[in-house]
Amino acid sequence: MQSDEGTEWLMELLTDVQLQQYFLRMRDDLNVTRLSHFDYVKNEDLEKIGMGRPGQRRLWEAVKRRRALCKRKSWMSKVCCGFTRPSGSFTLTFLISRHLSMQTFKCFS
């Protein structure tokens with residue numbers, strides 16, 4: 001069973017909680033192709049595709065963990081990649097590296 005490009009994350013999420021047999025029904029019947037689509041999925045929808053209550057609880061926990069991970073990655077990419085000041089003259093990364101080099105210089109003087 002090969003998943004379409006862009007839904008590998010769904011297969012990975014379902015596999016992590018041993019619910020991979022619901023992949024096609026989640027993708028095709030419930031039209032879940034993005035993490036944000038879970039905002040519109042209800043327990044009744046999951047029951048209609050044959051998922052039991054224990055599986056539903058595992059799925060919702062996995063979705064919660066994945067959302068937290070995505071938020072962390074989003075925050076880290078903003079910090080690590082740098083922010084440009086409105087004037088465009090400096091980035092946060094430049095300022096941090098400059099600060100660290102100044103601290104290193106102080107240690108050796």
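Throughout, read-outs are computed from the coordinates displayed, never taken from laboratory work. No experiment lies behind these values; they were computed from the predicted model shown. Ideal geometry is used to build each Cβ from the backbone, glycine not excepted, and the neighbour counts take in all protein chains shown.
Structural remarks
- Subset of the stretch 41-51 (residues that are in a loop (DSSP other than H, G, I, E, B) and either at negative phi or not small (Gly, Ala, Ser) (or both)): 41, 42, 49, 51
- Residue tally, condition of a type in the set (Phe, Trp, Tyr) and surrounded by 12 or more Cβ atoms within 10 Å (Cβ to Cβ), over the stretch 27-76: 2
- Residue list for the stretch 15-40, restricted to those being closer than 20 Å to residue 68 by Cβ and not in a helix (DSSP H, G or I): 17, 19, 32, 34
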